[in-house]
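In what follows, a structure is listed as structure tokens, so that the remarks can point back to it.
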Amino acid sequence: MLDLSRLRALYAVSVHGSVAAAASALGYTPSAVSQQISKLERETRTTLLERRGRGVALTEEAWHLARTARELLAIVERAETTLEERRGQPGGLLTVAAFASAARGLLPGVLADLARRHPALDVRLTEVDPHLSVDLVARGVTDLAVAHDWDIAPLPAPEGVEHAVIGDDRCDLVVPEGHPFTRRTVIRRADLGGQRWVCQPPGRVCHDWLVRTLRAAGFEPDLVHVAEENHTIVALVAAGLGVAVVPRLGTGGLPPGAVAVPLEPGPVRRLYALWRTGAARRPAITEAVRTLQEHWEGAAVRPGDPARVLGAGGAQGA
């Protein structure tokens, strides 16, 4: 009899590409995942992992077993969904993947609310790159994902994955205090030439949106500083080192030295919750999605500090 937890560990390695990444997704240590796979090798009397440089690779037999593991895990998920549905109360393990600013700006309150309302529900969050989360749901690695799309990068819709809209996250043009834009009531995209920009690395949607938008307006972007985190980007702007387009979610209040000015038309990214069709009836999924939407709609102030937004409530008004 093959142990399901060991099959789950092997399948996670097949999806994430390494023992360390699989361990992070499962909430284990890398040594625990290695031990699970070693035991599976002894059970099956088969070599499943081979050393490749500093990492490991699945053998051909391991790939066959990982595909079978995916089918078995899907059957188990359907059984768990049926049982939870019959009980009518959210319970069991619910794994959630979310991109960084959602994990920081939205999920803490959602997770705390779910824990308070449903003590039988064990929700575990993993922060992942946004372009990975949809695939993780489709492959059955995570139960629920919070993802986003932009007009230049529509959300993929693989077969067997359903989604619901959480809300729209506006993006602000953030500039240093004293910048000429702070004396304007509105900034058009045609006004963005000649600026020094702080942005995320190439391959991120924010970076690609900025480059495409500036080139469409006839400007070649001068990208002087690149940073992964929005907080770092805002800190560089506050130091007078450039301007940036920053989503409000997860950014929080702007520090002294940084001012958000209205960009028209302003970029908006839409947030979604995604789950597998086979788990759509699971009370844990429906309750988590409802709570995500409730927290978004019920926020007294959208992420970002309107007191430091040009024209908001008279502060920094032109």
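The values are calculated or read from the model by the stated rules, or taken from the named source; none is laboratory data. What you see is a predicted model, and the numbers here were worked out from it, not measured in a lab. Positions of Cβ are generated from backbone atoms using ideal geometry, with glycine treated the same way; all protein chains shown enter the neighbour counts. Areas reflect the complete protein model, heavy atoms only, side chains present, ligands, DNA and RNA absent. Shrake-Rupley method; radii C 1.70, N 1.55, O 1.52, S 1.80 Å.
With the cut-off at under 16 Å, measuring from each backbone N in the range 164-180 to a point 7 Å along the Cα-to-Cβ line of H131 picks out no residue. Hey, in the GNM for the chain with a 10 angstrom Cα cutoff, which one of L144, L93, L292 fluctuates hardest? Of the options given, L93 has the highest mean-square fluctuation. About its Cα centre, the dipole of the range 157-219 is roughly 520 debye, where the only charges are +1 on Lys and Arg Cβ and -1 on Asp and Glu Cβ. Taking the square roots of 5 times each eigenvalue of the Cα gyration tensor of the range 155-196, largest first, gives ellipsoid semi-axes of 37, 12, 9 Å. Scaled to the globular estimate 2.2 N^0.38 Å, the Cα spread of the range 110-153, given as radius of gyration, is 1.40. Diffusion of the range 30-71 by Stokes-Einstein, at 37 °C in a medium of 0.692 mPa s and with Rh set to the Kirkwood radius over alpha-carbon pairs, works out to 305 µm²/s. Computed from Cα atoms, the angle from the helix 30-44 axis to the main principal axis of the chain rounds to 30 degrees.
When the P(r) of the chain is calculated, the portion above 38 Å amounts to 26% of the C-alpha pairs.
Figure legend: label point modelled 7 angstrom from the Cα of R290 along Cα→Cβ; residues of the range 115-132 with amide N under 20 Å from it are 115-124. For the chain, with all protein chains in place and a probe radius of 1.4 Å, 51% of the accessible heavy-atom surface sits on carbon or sulfur. Computed extension length for D122-R196: 22.1 nm, one decimal, from 0.36 nm per residue of separation with the Cα-Cα distance subtracted.
In the full protein context, the range 59-197 carries 51 Å² of accessible surface per residue, based on a 1.4 Å probe and ignoring ligands, DNA and RNA. Each DSSP beta bridge with both residues in the range 1-148 is either parallel or antiparallel, and the antiparallel ones are about 30%. With R₀ set to 30 Å, the beta-carbon distance separating A164 from D208 gives a calculated FRET efficiency near 0.75. On the basis of the beta-carbon distance and an R0 of 25 Å, A239 and R184 show a calculated FRET efficiency of 0.70. Classify the range 54-178 as rounded, prolate or oblate from the Cα gyration tensor: take a ≥ b ≥ c as the square roots of its eigenvalues, call it rounded if a/c is under 1.5, otherwise prolate when a/b beats b/c and oblate if not. The shape class here is oblate. The modelled label-to-label distance for the pair E264/A157, using points 7 Å beyond Cα in the direction of Cβ, is 3.2 nm. Eigen-decomposition of the gyration tensor built on the alpha-carbon atoms of the range 171-272 gives equivalent ellipsoid semi-axes of 17, 17, 14 angstrom, largest listed first.
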